[in-house]
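Down below is the structure, laid out as structure tokens.
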Amino acid sequence: MVHDHSGPVLGALGLLTLLLGAALPLIDFFIVNVALPTIDKDLSAGPALLELVVAGYGVAYAVLLVLGGRLGDTLGRRKLFIAGIAAFGFTSLACGLAPNAWTLVAARVAQGASAALMLPQVLATIHSTTTGQRRARAISLYGATAGLAMVVGQILGGVLVAANIGGSGWRAIFLVNVPVAIVGLFLAVRSVPETRSQKPAPVDIPGTVLLTVALVTLLAPLSEGRAAGWPLWTWIALALFPVSTAAFLWVERREDRMGRTPLLPPSLFRLVSLRRGVTLAVPFSISFGGFMFVVAIALQQGLGMSAVASGLALVPLAVTFFGASLAGPRLIKRFGTPVLTVGAAIQFVGVALLIWRIWSDWPSVGSLDLLPGMAVAGLGQGLQLPNLFRIVLSDVPPERAGVGSGVMVTAQQASLALGVATLGTLFLSLVGSVGMHEALTVTLVVQSGVILLTGLLSMRLPRSVS
């Protein structure tokens, strides 16, 4: 499907500004991983509150993303992007100055909410201000930025905690966002064009509430359950998840039948590219999120690496990911979506190399031993993620760009959090019973199974991308 394009055009500086805004929330999701031991020591947080520092941000971010996309469609995407980046800077300052653990948790929830205002506007603005190869290139750069931000978050977190700038310790991982947000604000005012939907729809309040309940009842107990000792509320919440999901789907179909505009229009999922692309994004992001979390713990606590060294072990993954991301548009144009299937196969080989090295050489595994596996896995991931964004949005009309991008980033963010909750919980549960070596091996084998699933799902994608 080809869409006519008229109106504002996104320039190079505007694209750079949007990509900066896209990087900040994803960096902050992962930057905390390597700082948790220091936060625990400084604030006497304990395991349950530490989990909330991670989960509070992830859950607030995931549940409000679609609403953020809808508000951008209605009120103006530039306006919401500027409001979001300003709020993100302010809440980052609140995190960095938090005097105790509960204040930090509250500030992290607010930070996640501000990220949900900002991020959907990035893809929606790109989609509504570019066409053809410029759009393909911009979305590929967005995907590359998203993937790199996840890796850079853990590298940067290790460096900032170790540097202990001015005695700030872990606080620097949040305070560093403040000057970046100020620069982003200045650039956004100057370079990001205003766009909105030509047919703005009112906010679907019942749909928003039910989607929030569905995501909270899934992500909160899975994220918090292990650390809290699986109290009664976690089981009640998990039992409510299928009920709230069914209620959400019923309400959305009813809104659609009555001629209203639901939060997630069922008609949007009639687009084969979006439906199958989002289905693939879920296991891919579960695998990615779980891998990054588990590796951060295993390298530091299992192999005794410093925060900086554990971050640097991920550099080969970042380098090959970025290279594959840049090659993505040309490869997709020439070979179509089978590029994603090849990417899944390459990623599987990379993780297999890591499993072999960890199983045979533990506990004397060093960064150089991990380099081949990390590099190959990064190459495979880079062939998948940036191209996946392009596939999901390829047939979405510009006037529904906010909803379409909201669907994609919600699926990605919720699945990243789900990966941390599921693969992370599996890993941490096994550590206590069989030890770090076996726990890491088993978790990576399970991740390999998830990668195989993404490869199989990629075969169902439309062969070409419009």
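The values are calculated or read from the model by the stated rules, or taken from the named source; none is laboratory data. What you see is a predicted model; the values in this text were computed from it and never measured. Neighbour counts run over all protein chains shown; Cβ positions are idealised from the backbone, glycine included. Heavy atoms of the whole protein, side chains included, go into the accessibility calculation; ligands, DNA and RNA do not. Shrake-Rupley method; radii C 1.70, N 1.55, O 1.52, S 1.80 Å.
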inquiry  = Between region 444-465 and region 83-102, what is the separation of their alpha carbon centroids in Å?
reply    = 37
request  = In whole Hz, with x marking every Gly and Pro, tabulate ³J(HN,Hα) for region 209-214 from phi via Karplus 6.51 cos²θ - 1.76 cosθ + 1.60, θ = phi - 60°.
outcome  = 5, 5, 5, 4, 4, 4
task = Averaging sequence separations of C-alpha pairs under 8 Å and six or more residues apart, then dividing by the length of region 384-466, give the relative contact order as a whole percent.
result = 30
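In percent, how large is the relative contact order of region 340-393, given Cα pairs closer than 8 Å and 6 or more residues apart?
Details: 52 pairs, mean separation 29.4, N = 54.
Relative contact order comes out at 54 percent.
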remark   = Quick calc, region 218-331, dipole around Cα centre from Cβ unit charges on Lys, Arg (+) and Asp, Glu (-), nearest 20 debye, gives 460
query = Measuring from the lowest to the highest alpha carbon on each principal axis, how far does region 372-439 reach, largest first, in angstroms?
reply = 53, 27, 10
request  = Rank Ser367, Leu453, Phe291 by how far each Cα sits towards the positive end of the charge dipole of the chain (+1 on Lys, Arg Cβ; -1 on Asp, Glu Cβ) and give me just the farthest.
outcome  = Leu453
query = How do the peptides 274-286, 433-445 rank, highest first, by the average count of neighbouring beta carbon atoms within 10 Å per residue?
reply = 274-286, 433-445
note = Sorting Thr425, Leu354, Val278 by the position of each Cα along the dipole of the chain (Lys, Arg +1; Asp, Glu -1; all at Cβ), the one nearest the positive end of that ordering is Val278
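What does the charge add up to near Val392, with Lys and Arg as +1, Asp and Glu as -1, over the other residues with Cβ less than 11 Å from its Cβ?
Working: positive: Arg275, Arg276, Arg390; negative: Asp395.
After counting each charged neighbour, the total is +2.
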query = Could you give me the ³J(HN,Hα) list for region 118-134, computed from phi with Karplus coefficients 6.51, -1.76, 1.60 and θ = phi - 60°, whole Hz, x at Gly and Pro?
reply = 7, 5, x, 5, 5, 5, 5, 5, 4, 5, 9, 10, 9, 9, x, 5, 5
task = Quick one: dipole size for the chain, taken about the Cα centre, charges +1 on Lys/Arg Cβ and -1 on Asp/Glu Cβ, in debye to the nearest 20.
result = 1420
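Let me check against my output: what whole-number percent is the relative contact order of the chain, with C-alpha pairs under 8 Å and at least 6 apart?
In percent, rounded to a whole number, it is 24.
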ask   = Over all Cα pairs of region 1-129, how is the pair count split among 5 Å bins, expressed in % and running from 0 up to the last occupied bin?
value = 2, 11, 19, 21, 16, 11, 8, 6, 3, 2, 1, 0
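Where only protein heavy atoms count, and the probe is 1.4 Å, what is the accessible area per residue for the chain in Å²?
Details: 17300 Å² over 466 residues.
In whole numbers, the chain has 37 Å² accessible per residue.
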request  = Could you pull the Rg and Dmax for region 253-369, using just the Cα atoms, both in Å?
outcome  = 19.9, 64
task = Send over the per residue convex hull volume for the chain, Cα only, as a whole number of Å³.
result = 126
ask   = Which ³J(HN,Hα) values in Hz, rounded to whole numbers, follow from the phi angles of region 414-424 under the Karplus curve 6.51 cos²θ - 1.76 cosθ + 1.60, where θ = phi - 60° and Gly and Pro get x?
value = 4, 6, 4, 5, 5, x, 4, 5, 7, 5, x
ask   = Non-local amide H neighbours of Leu10 (under 5 Å, H modeled in plane, Pro and chain starts lacking H): which ones?
value = none
key: Estimated [θ] at 222 nm from DSSP helical runs (n ≥ 4, -39500 (n - 2.57)) normalised by residues in the chain, nearest 500   = -27500 deg cm²/dmol
request  = Classify region 126-169 as rounded, prolate or oblate from the Cα gyration tensor: take a ≥ b ≥ c as the square roots of its eigenvalues, call it rounded if a/c is under 1.5, otherwise prolate when a/b beats b/c and oblate if not.
outcome  = prolate
note = Toy charge model, Lys and Arg Cβ at +1, Asp and Glu Cβ at -1: region 362-466 dipole around Cα centroid in debye, rounded to 20, equals 300
query = For the modelled label position 7 Å from the Cα of Ala309 along Cα-to-Cβ, which residues of region 28-58 have backbone nitrogen atoms closer than 12 Å?
reply = none
ask   = Can you give the extra length, in nm with one decimal, that the chain gains between Ala345 and Val445 once fully stretched, where that is 0.36 nm per residue apart less the Cα-Cα distance?
value = 34.6 nm
key: Selection from Gln384, Trp170, Ser394 lying farthest towards where the dipole of the chain points positive, charges on Cβ   = Ser394
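Rounded to the nearest percent, how much of the accessible area of the chain (1.4 Å probe, protein heavy atoms only) is carbon and sulfur?
On the way: 12130 of 17300 Å².
Result for the chain: 70 percent of the exposed heavy-atom area is carbon or sulfur.
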